[in-house]
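One structure below.
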Amino acid sequence: MSLSTSGLVWDSETSTLFNPAFCAVLLQKATKSYEAKSGERMPVTYAFLILPCALHMPTRDALPSTTAASMWTWLRSHPVLLMDFADRVRTFRSFTAAAIRYGLQHGAVVGALGSLAPGTLLRRPRTLDPTQDWLGCVQAAEFLGRWFGGTSADEATVLAQWGVRP
């Protein structure tokens with residue numbers, strides 16, 4: 001049975017991908033990659049960009065193969081993906097907020113004023129058989145963390161490049 005809410009069709013795969021625990025895992029992976037690349041905590045505003053990218057298959061599939069790729073050049077060469085990005089960020093806002101809350105409560109992420117750092121993840125249950133989509137989301141979150149961590153642009157510029165405001 002599928003349930004449609006705000007234009008999203010809910011099935012078992014969708015409910016798994018939008019689960020606050022899974023989204024907290026994605027944020028933990030992104031913050032860990034960000035911190036490894038930049039040596040700093042990830043600004044919390046980037047979390048609101050990470051999930052709409054990592055959970056959106058067309059964006060995930062279009063990401064460059066290396067973080068050496070210029071973010072600004074990539075964004076300019078993918079205008080179709082950016083066309084509805086601000087709306088996607090708004091749609092994902094509640095999922096991202098729930099993931100941050102869940103991650104903070106369960107130690108997957110650690111918060112400080114305006115930033116997030118990686119926490120500790122428990123081992124994945126042996127019975128969990130990740131799908132390719134699940135693995136793709138994790139890989140995209142890690143990539144995005146490294147990509148954002150390697151940019152020389154400030155936070156406001158990055159948000160403007162992606163077409164969103166805080």
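Annotations for the structure displayed:
- Failed condition for T16, given (1) open to solvent by 30 Å² or more (accessible area, probe 1.4 Å); (2) modelled with pLDDT of 95 or more; (3) of a type outside the set (G, A, S): (2)
- Of residues in the range 125-139 being farther than 16 Å from F92 by Cβ and within 15 Å of the chain's Cα centre (by Cα), the one surrounded by the fewest Cβ atoms within 10 Å (Cβ to Cβ): L135
- Scan of the range 112-166 for residues that are among the hydroxyl-bearing types (S, T, Y) and touching a Lys or Arg at 6+ places or on another chain (Cβ under 7 Å), ordered by number: S115
- Selection of the range 101-114 for residues being touching a helix residue (DSSP H, G or I) at 6+ places or on another chain (Cβ under 6 Å) and within 20 Å of A54 (Cα to Cα) yields Y102, G103, A108, V109.
- Taking residues in the range 76-94 that are open to solvent by 80 Å² or more (accessible area, probe 1.4 Å), and partners anywhere that are part of a helix (DSSP H, G or I), the pairs with Cβ atoms closer than 8 Å and at least 6 places apart or on different chains are R93/F48.
- Scanning the range 140-162 for residues that are in contact (Cβ under 8 Å) with a residue 60 or more places away in the chain and loosely packed, with under 14 Cβ neighbours inside 10 Å gives a single hit, A153.
- Residue check, K37 among the charged types (D, E, K, R), open to solvent by 70 Å² or more (accessible area, probe 1.4 Å) and in contact with a Pro (Cβ under 7 Å, 6 or more places away or on another chain): no
- Residues of the range 23-43 classified as more than 11 Å from the chain's Cα centre (by Cα) and in a helix (DSSP H, G or I), total: 7
- Evaluating T120 against the criteria (1) of a type in the set (S, T, Y); (2) at pLDDT 95 or above; (3) open to solvent by 10 Å² or more (accessible area, probe 1.4 Å) leaves one unmet condition, (2).
The values are calculated or read from the model by the stated rules, or taken from the named source; none is laboratory data. Quick caveat, the model's predicted, so the values are computed rather than measured. All Cβ positions, glycine included, derive from the backbone under ideal geometry; neighbour counts span all protein chains shown. Calculation scope for accessible area: heavy atoms of the full protein, side chains included, ligands and nucleic acids excluded. Shrake-Rupley method; radii C 1.70, N 1.55, O 1.52, S 1.80 Å.
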